[in-house]
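Heads up: the structure comes next, in C-alpha cells.
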Ligand code: GAR
C-alpha cells in the first residue's frame, strides 16, 4: 500500500478525490497525512471527516524556505510517506526537499503544461484566446511547473468564459486524472527517462481528439 502525504493550502477538492479513490480501491494506497501551510484550509476539515491525520505547518512561522521545508520533511517522514502529492499547495519547494523524496513528489496544475505555468493561469488562458486548456499531473523538479508530465486532460475554452466557469470545467477533470496518476505510481508502471514518462503496458489510442470550434460549425 502506497502511503501518500498530501500537501494543501485551500479547498482540497483534489484531496477529496484522492481520499475517495483510496476508499473505493481505485488507488492501491492510503492518505497517511494531510499537511497544510494555512490553518483555515477547508482541506483540513475534509481530512478530519475521514479521520486522516492533519498537521498545520504555517510557512510564516519559519525564517526561510529551507527551515519550513525541513519541518515538512520531518512530518512526512514521521508518517512514513512514500509519495508526496501537492494538491493546491501554494508554496514552491526547495531542492533540499526534493532530494529527500527523489522522483516521489507530484503536482497537479490547472493548465496544459508547458503552456501557462505559474499562477492565475485560467484567466491567462482565457485572455490569450486559446481554444483548449486543461490540467496536468507532473513530477516536481527544481523549476516551477516544469517537471516530467504523467497525465493531461483537455477541456475547451470559450472567449466569453468566466474564470470560474473554466475553473469548474478543469476541476472536474483534475478529480479524474490525479487519482489515476497516483494509481499508476502505486502500480509501479511509470519510468522517467529524461523528460519523458513511460507507462508500462500502455494501449495507444490513435483516434482523433477534440477540435474547437467543431469542423461542422
Ligand atoms: C486546483 O485547480 C489545482 O490545479 C491548483 O489549485 C487548485 C486547488 O484546488 N493548483 C495550482 O494552481 C498549483 N500551482 P483544490 O484545493 O480544490 O484541490
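Some notes on this structure:
- Among the residues making up the stretch 163-173, a single one is in contact (Cβ under 8 Å) with a residue 12 or more places away in the chain, surrounded by fewer than 18 Cβ atoms within 10 Å (Cβ to Cβ) and over 17 Å from the mean Cα position of the chain (by Cα): 163.
- Every condition in (1) in a helix (DSSP H, G or I); (2) surrounded by 23 or more Cβ atoms within 10 Å (Cβ to Cβ); (3) away from the ligand (no atom under 11 Å from the Cβ) holds for residue 14 except the one numbered (3).
- Of all residues in the stretch 62-75 being surrounded by 15 or more Cβ atoms within 10 Å (Cβ to Cβ) and within 23 Å of the chain's Cα centre (by Cα), the one that is farthest from residue 6 (Cα to Cα): 65
- The residues of the stretch 158-188 that are in contact with a helix residue (DSSP H, G or I) (Cβ under 9 Å, 6 or more places away or on another chain), over 27 Å from residue 129 (Cβ atoms) and away from the ligand (no atom under 16 Å from the Cβ) amount to a single one, 183.
- Test: residue in the stretch 49-63 that is closer than 30 Å to residue 156 by Cβ and either within 12 Å of the ligand (Cβ to nearest atom) or out of contact with any helix residue (DSSP H, G or I) (no Cβ under 7 Å at 6 or more places or on another chain) (or both): no
- Members of the stretch 73-130 found to be in contact with a strand residue (DSSP E or B) (Cβ under 9 Å, 6 or more places away or on another chain), assigned to a loop (DSSP other than H, G, I, E, B) and away from the ligand (no atom under 11 Å from the Cβ), listed by number: 79, 80, 81, 82, 93, 101, 103, 104, 112, 114, 115
- Test: residue in the stretch 24-41 that is under 25 Å from residue 103 (Cα atoms), without any contact (Cβ under 8 Å) to a residue 12 or more places away in the chain and surrounded by fewer than 16 Cβ atoms within 10 Å (Cβ to Cβ): yes
- Test result for residue 67, free of Cβ contacts under 8 Å to residues at least 12 places away in the same chain, assigned to a loop (DSSP other than H, G, I, E, B) and farther than 18 Å from residue 88 by Cα: no
- Candidates 191, 164, filtered to the one that is touching a strand residue (DSSP E or B) at 6+ places or on another chain (Cβ under 9 Å) and either in a strand (DSSP E or B) or more than 18 Å from residue 107 (Cα to Cα) (or both): 191
- Options 155, 197, 137: the member that is under 22 Å from residue 30 (Cα atoms) and touching a residue at least 12 places away in the same chain (Cβ under 8 Å): 137
- Residue within the stretch 131-141 that is part of a helix (DSSP H, G or I) and within 15 Å of the ligand (Cβ to nearest atom) present: no
- Test: residue in the stretch 51-61 that is under 15 Å from residue 183 (Cβ atoms), surrounded by fewer than 20 Cβ atoms within 10 Å (Cβ to Cβ) and touching a residue at least 24 places away in the same chain (Cβ under 8 Å): no
A short reminder: the numbers here are calculations on the coordinates, not readings from a lab. It should be emphasised that the depicted structure is a prediction, and the values quoted were computed from it without experimental measurement. As a convention, Cβ positions derive from the backbone with ideal geometry for all residues, glycine included, and neighbour counts pool all protein chains shown.
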